[in-house]
Amino acid sequence: MFEKVLIANRGEIALRIHRACQELGIATVAVHSTADAEAMHVRLADESVCIGPPAARDSYLNAAAILSAATITGADAIHPGYGFLSENAEFAAMVEEHGLAFIGPSPEHIRMMGDKVIAKWTARKLGIPCVPGSEGAITNPEMARKVAGEIGYPVLIKAAAGGGGRGMKVARSESELLEALRMAKAEAGAAFGNDQVYLEKYLSHPRHIEIQVIADSFGNAVHLGERDCSLQRKHQKVLEESPSAALNDKQRKEIGEIVRAAITKLGYRNAGTIEFLYEDGKFYFIEMNTRLQVEHPVTEMVTGLDLVREQIKIAAGGTLPFRQEHVRFHGHAIECRINAEDPETFRPSPGRITAYHAPGGLGVRVDSALYAGYAVPPHYDSMIAKLVVHGTSRNECLMRLRRALDEYVIGGIDTTLPLHRRLVREPAFIDGNYDIHWLEKFAGLKV
Ligand code: MV4
């Protein structure tokens, strides 16, 4: 097992990884920007290294500074968390070239899934159902016209280097197609330095359902069920739950087995997520995420597994200590992402926390690096806490979530707590009756 792990991240996820390390008897190294000198992840870590100024590109995205910090402190491994360098194949390769373990998949799998055209091609070859569309990249306008004519309008043009909703254009008819293609290519070229695009049938009212997987280096892979992440605003997830209200046990088992078999065949290792759109009873692959995700605690609450602990053990050469038939799903879990934002305009609201009281009790988990007196810096993502609640049924989970949200006090800054308090009392949400567009209509209404 590793003796010392460097955590290449900040905020709640740095804390989350620190906790898993401590429970495995592993010492931790925090890295931080000058803006994060007073951050909780720095306070709790066994050692810390300042890696640069506030701007992420000079600190948390500075691969050379992070590798130097790992070398100086004698760390054996690096956990990248999510965001920042977590899906940077070159960084993962550099970590390995320095003789350290990267706590995540191989650089080759990260690179493969970072190219959405290659990812989709690979998924299809592995027997995962995909959205109907072009077989690979669109190389000329005539090809786009032909494919769109075959699958039918509306169609969606997506960037190969995109993902997470960046660089997409809808064409509702052939008259809109060439302009959509031209704009998508221009935007992709400018944003990613890669203007490759592909084309898909546009699904108008899907849910966003993703399957968590974890695999070791010895061919053992399991799926850990799904998370319904449909409640989002401008491609930022707001609330996630497991199981999805849209699926029954038979559907879960079916898609889970397809994904488990595919991941095994791919030779994938460590944690990963296969993202699907789900519409009219059918699954359509869209992307694979090769990192630990923000919403992983939802899966931990229903499976009782510690995903970060398993990630670390796998990276250290361990075997997965359970098989698919040992994985059991218990009850229901919901995560609310609490952001330092105005709950109506979603304008960021950094600043000093003047009062702090986190909810507790059975089935309540708060993942946050906040404390009273802490100043939320303006330089990073506005997510400041995740409230994750478990119950034996969805209704029990909702009752518990309402009381936990009512207990939560974050003073001094605006947060999205009021939005969540309203959301968990909304009939359509209570009925589990929502798609990826529902929250944007709901959040547009006055609090
Ligand atoms: C789609 C789609 C409809 N049809 N693909 C947006 C993020 C990126 N990962 C894929 N996205 C979408 N792809 C087809 N063929 C609609 C979306 C989409 C979306 C997907 C998941 C969660 C939120 C979303 C919000 C808007 C659009």
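The values are calculated or read from the model by the stated rules, or taken from the named source; none is laboratory data. A quick note: this is a predicted structure, and the numbers were derived from the prediction, not measured. Note: ideal-geometry Cβ built from the backbone for every residue, glycine included; neighbour counts use all protein chains shown. Each accessible area value is taken on the protein alone, full model and side chains, heavy atoms only, with ligands, DNA and RNA left out. Shrake-Rupley method; radii C 1.70, N 1.55, O 1.52, S 1.80 Å.
Could you grab me the full set of residues in the range 50-92 that are open to solvent by less than 40 Å² (accessible area, probe 1.4 Å), without any contact (Cβ under 8 Å) to a residue 40 or more places away in the chain and more than 20 Å from the chain's Cα centre (by Cα)? If the condition is that a residue be open to solvent by less than 40 Å² (accessible area, probe 1.4 Å), without any contact (Cβ under 8 Å) to a residue 40 or more places away in the chain and more than 20 Å from the chain's Cα centre (by Cα), then Ile51, Gly52, Ser59, Ala63, Ala65, Leu67 are the ones that fit.
If the condition is being of a type in the set (A, V, I, L, M) and assigned to a loop (DSSP other than H, G, I, E, B), then the range 407-435 contributes Ile413, Val424. Taking residues in the range 311-340 that are free of Cβ contacts under 8 Å to residues at least 40 places away in the same chain, and partners anywhere that are surrounded by fewer than 20 Cβ atoms within 10 Å (Cβ to Cβ) and in a loop (DSSP other than H, G, I, E, B), the pairs with Cβ atoms closer than 9 Å and at least 6 places apart or on different chains are Arg328/Gly304.
Listed by position, the helices (runs of 4 or more DSSP H) contained in the range 1-114 that have at least 1 residues being more than 30 Å from Gly162 (Cα to Cα) and at pLDDT 95 or above are 11-23, 40-44, 63-73. The one condition from (1) open to solvent by 10 Å² or more (accessible area, probe 1.4 Å); (2) more than 16 Å from the ligand (Cβ to nearest atom); (3) farther than 18 Å from Glu87 by Cβ that Tyr278 does not meet is (2).
Residues that are under 19 Å from Pro132 (Cβ atoms) and either away from the ligand (no atom under 11 Å from the Cβ) or open to solvent by 10 Å² or more (accessible area, probe 1.4 Å) (or both) within the range 197-244 comprise Val197, Lys201, Tyr202, Leu203, Ser204, His205, Arg207, His208, listed in sequence order. Residues of the range 184-210 that are acidic (Asp, Glu) and assigned to a strand (DSSP E or B): Glu200, Glu210.
Restricting the first member to the range 382-396 and to residues that are outside the structural domain of Arg233 (by TED's automatic domain parsing), and the second to residues that are outside any helix (DSSP H, G or I) and open to solvent by less than 20 Å² (accessible area, probe 1.4 Å), no beta-carbon pair is closer than 9 Å while six or more apart or on different chains.
Step by step: first the residues of the range 409-435, then only those that are touching a Pro at 6+ places or on another chain (Cβ under 6 Å) and crowded, with 20+ Cβ neighbours inside 10 Å, then the one that is nearest to Leu247 (Cα to Cα). Which residue is that? It comes out as Leu419.
Looking only at residues of the range 290-312 that are within 16 Å of the ligand (Cβ to nearest atom) and open to solvent by 10 Å² or more (accessible area, probe 1.4 Å), we find that the one that is nearest to the chain's Cα centre (by Cα) is Val294. Just to verify a result, which residue in the range 104-115, among those that are more than 16 Å from the chain's Cα centre (by Cα) and open to solvent by less than 40 Å² (accessible area, probe 1.4 Å), is nearest to Gly136 (Cα to Cα)? Residue satisfying both the conditions and the ranking: Asp115. Pairs linking a residue in the range 187-204 that is among the β-branched types (Val, Ile, Thr) to a residue that is open to solvent by 20 Å² or more (accessible area, probe 1.4 Å) and at pLDDT below 95, with Cβ atoms under 6 Å and 6 or more positions apart or on different chains, are Val197/Lys185.
Would you be able to say whether some residue in the range 370-382 is buried (at least 17 other Cβ atoms within 10 Å of the Cβ) and part of a helix (DSSP H, G or I)? No: zero hits.
For the residues Ala385, Ala333, the requirement of being closer than 28 Å to Asp36 by Cβ and either assigned to a strand (DSSP E or B) or of a type in the set (S, T, N, Q) (or both) singles out Ala385.
What's the total number of residues in the range 130-177 that are within 9 Å of the ligand (Cβ to nearest atom), open to solvent by 30 Å² or more (accessible area, probe 1.4 Å) and touching a Lys or Arg at 6+ places or on another chain (Cβ under 9 Å)?
Step one: list which residues in the range 130-177 are within 9 Å of the ligand (Cβ to nearest atom), which gives 131-133, 154-156, 158, 162-166, 168, 170.
With the extra rule that they be open to solvent by 30 Å² or more (accessible area, probe 1.4 Å), the set shrinks to 132, 154, 164, 166, 168, 170.
Still in the list and also touching a Lys or Arg at 6+ places or on another chain (Cβ under 9 Å): 132, 154, 168.
Total satisfying the criteria: 3.
Could you please let me know if Ala340 is crowded, with 18+ Cβ neighbours inside 10 Å, touching a strand residue (DSSP E or B) at 6+ places or on another chain (Cβ under 6 Å) and over 29 Å from Leu224 (Cα atoms)? Considered against the rule, which asks whether it is crowded, with 18+ Cβ neighbours inside 10 Å, touching a strand residue (DSSP E or B) at 6+ places or on another chain (Cβ under 6 Å) and over 29 Å from Leu224 (Cα atoms), Ala340 comes out as yes.
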